[in-house]
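Trainee: Sending over a structure as structure tokens; questions will come in a sec.
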């Protein structure tokens, strides 16, 4: 069983690769492949043939990147941080290793 410390809706920063330093929101998590799709990161351009539902042309689409290439942004100091799991008041919560604050 894999441990996931990031989830959909989190703001992350890319720490390695061609988009290093880019920040964005996680759009989806592919748990089986251990990958995430981040908004405006790893964008490719596809040629779409026109159809009744779509006008066609060039379409920009985000592709997935490996989950180990992103770090969660700590909301208190706006910097990347590692995440640990703790039990607070009987509930399992995510805690920032940088500041020790609970991540919502």
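Trainee: Go through the stretch 52-77 and report how many residues are over 26 Å from the mean Cα position of the chain (by Cα) and in a loop (DSSP other than H, G, I, E, B).
Mentor: 5
Trainee: Tell me, please, whether a residue that is in contact with a strand residue (DSSP E or B) (Cβ under 8 Å, 6 or more places away or on another chain), assigned to a helix (DSSP H, G or I) and in contact (Cβ under 8 Å) with a residue 24 or more places away in the chain can be found in the stretch 80-92.
Mentor: Among the residues of the stretch 80-92, not one is in contact with a strand residue (DSSP E or B) (Cβ under 8 Å, 6 or more places away or on another chain), assigned to a helix (DSSP H, G or I) and in contact (Cβ under 8 Å) with a residue 24 or more places away in the chain, which makes the answer no.
Trainee: Taking the stretch 39-55 only, how many residues are surrounded by 11 or more Cβ atoms within 10 Å (Cβ to Cβ) and more than 30 Å from residue 5 (Cβ to Cβ)? Give the steps one after another, and end with the answer.
Mentor: Here is the first cut: in the stretch 39-55, the residues surrounded by 11 or more Cβ atoms within 10 Å (Cβ to Cβ) are 39-43, 48.
From the residues that got through so far, the ones that are more than 30 Å from residue 5 (Cβ to Cβ) too are 48.
Counting residues in the stretch 39-55 that are surrounded by 11 or more Cβ atoms within 10 Å (Cβ to Cβ) and more than 30 Å from residue 5 (Cβ to Cβ) gives 1.
Throughout, read-outs are computed from the coordinates displayed, never taken from laboratory work. For clarity, every value in this text was computed on a predicted model and none was experimentally measured. We place every Cβ from the backbone using ideal geometry, glycine too, and count neighbours over all the protein chains shown.
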